[in-house]
Every structure is written in structure tokens, then in C-alpha cells.
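Below you'll find the structure, written out as C-alpha cells, and then a few comments.
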Amino acid sequence: MEKLLSLARNVNWGYNTRNSLLFESAGVQLFNYTLPIQAGSKILVSLEGTTSTQIVGKAFSYIARSFDNGDPKVNSVAAENAYYCLAKSIKAGNTYAAPELFMLLETKPDAILDKFVETLMAEKATGLSRIFYYDANRVQSDAKDLIPYVKYYIVSIFYNVDERKLLIPDDILTFPQAILEKTLVQFAPTDDPDDLSFLDSINALNEGSKYFTRVYKEIEDTLLNF
């Protein structure tokens, strides 16, 4: 476990100090270390608490968002690992992990899309009905439509969507608050007392919370089966 954390810290340090050599070297080592032929992906499932899960989750998120070796599968696996670890940290009560998970979904939604697709497939189709539900264009479209709801739910963890103010210290946020606006304008209620958009906001939060957890569980199942 200590090696996993050491590699993740090196990735984070390389990313935050813009040391591309350290970032790329540590990123490759971290990615390879969690492959089944080495420590295995199950090591991520054994991570506990808020600090370790955030450290490793951020490292994988940085890899998913910034690493480019020409193989999108690497970014996809990194995004799944990042989502799992950051979501686990959030579920353990760490709101500070939420901004990075939001940025992962904001900047690299395609990298994590397969897990939203698999979540929908597991939910909506079993047995023979799975054959009739599975249409590549349809299921991908449905999965893409879910991502904004999950993003909105994640934003609500560290940002008061009604009062439009942060629930975490300013220096924890590593990106301009204006980036949140694209998500907020879709669902956040207005100041008009006659506007019923608050109902849409509540529905969006409920949907986002539901699929936030279901995608997490889908990734956990994958990690456990490797």
C-alpha cells in the first residue's frame, strides 16, 4: 500500500509543479502497478479513509486528464480508477475530493463514458431484453445525458447551488468558479419565488446522487473481477 501512495504522491507532485518528466515517469509506474500482473486493481478496493483515497484518486485523475501516449484506453482505465477512488473518498465524508471528480467529468467525459454505459446496461437490460435494449447510438446517448446530473450532484457537495457560494475554502478549488456555471445553469434554481425550477434542481440532485453511486459500484465490480 505504501508503494501505491508513494507513486501517487510523485504523480501529484509532478503535476502540481509542472515537472513533466516526474509526472510521466511516476504516472506510468502508478498505472502499471495497479495492473493485474503486479499489485492488481484490487489494491484500490482495499484503500480506506479519506486521505489515501484522495491522493490516489487525484493522481489517476491527473493521468486521465493530462497523459497522452496515443492510447485512449490508458486514459479510460485511469479515469475509472480516479472516479472510484475520489468517489470513495467523498462517500467517506471528504468534500475536498469532489472538485477533482467534477473536473474529471467536465474535461474528460468520454474517458469515463463506458462505465455509464455499462451501468445503464446492467440497470435496464437483463437476459433477452438486453439484446433489444442494446443499440450503440441509443445507449451512448442515454449515458451521455446522465453525466450532467452526476456533475450537478458532485458540485452540490462542495458548492451551495442555491446561494451560489463555496462550501470549502477558496484555496482548495484549483479552477475558476466560472467553470461551474455550465453545470449550474442547467439545473440550479433561480431567485424568482414564482419559478418552480427548484423542483428540477431537486430531481437533478436525486438522479445525480443515484447514478454517482451506481457508477461507483459498477467500477468496483470491475476492479474486484480482475
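The values are calculated or read from the model by the stated rules, or taken from the named source; none is laboratory data. Because the structure is a prediction, the values reported are computed rather than measured. A quick note on method: Cβ atoms are made from the backbone with ideal geometry, for glycine too, and the neighbour counts reach across all protein chains shown. Surface accessibility is based on the protein's heavy atoms, side chains included, excluding ligands, DNA and RNA. Shrake-Rupley method; radii C 1.70, N 1.55, O 1.52, S 1.80 Å.
Figures for the structure shown
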| read-out | value |
| --- | --- |
| Helix-only mean residue ellipticity at 222 nm for the chain, each DSSP H run of n ≥ 4 adding -39500 (n - 2.57), per residue, nearest 500 | -23000 deg cm²/dmol |
| Cβ-derived FRET efficiency at R0 25 Å, D145 paired with K217, nearest 0.05 | 0.80 |
| Accessible-area value, D145, 1.4 Å probe, nucleic acids and ligands omitted, Å² | 90 Å² |
| Choice from D171, D162, D68 showing the highest fluctuation, given a GNM over the chain with Cα pairs closer than 10 Å | D171 |
| Axial C-alpha extent at least 18 Å, average Kyte-Doolittle at least -0.5 - helices from the chain (DSSP) | 20-33, 51-66, 72-91, 109-124, 136-158, 197-225 |
| Residue-span extension gain [E48 to N225] - 0.36 nm each, minus C-alpha spacing | 61.8 nm |
| Contact order normalised by residue count of the chain, Cα under 8 Å, 6+ apart, percent | 18 percent |
| Fluctuation leader among L166, L120, L21 - the chain, Gaussian network, Cα springs under 10 angstrom | L21 |
| Full-stretch length increase - N160, T17 - with 0.36 nm per residue and alpha-carbon distance subtracted | 48.4 nm |
| Within the chain, longest stretch clear of exposed GluC sites (Glu not before Pro) (DSSP loop, no more than 12 other Cβ within 10 Å) | 49-162 |
| Convex hull volume of the chain per residue (C-alpha atoms, cubic angstrom) | 132 Å³ |
| Along the chain, longest interval not containing exposed trypsin sites (Lys or Arg not before Pro), exposed being DSSP loop plus at most 15 other Cβ atoms within 10 Å | 19-163 |
| Prolate/oblate/rounded call for the range 1-108, Cα gyration tensor, a/c under 1.5 rounded | rounded |
| Percent carbon-and-sulfur accessible area, the chain, ignoring ligands, DNA and RNA, probe 1.4 Å | 51 percent |
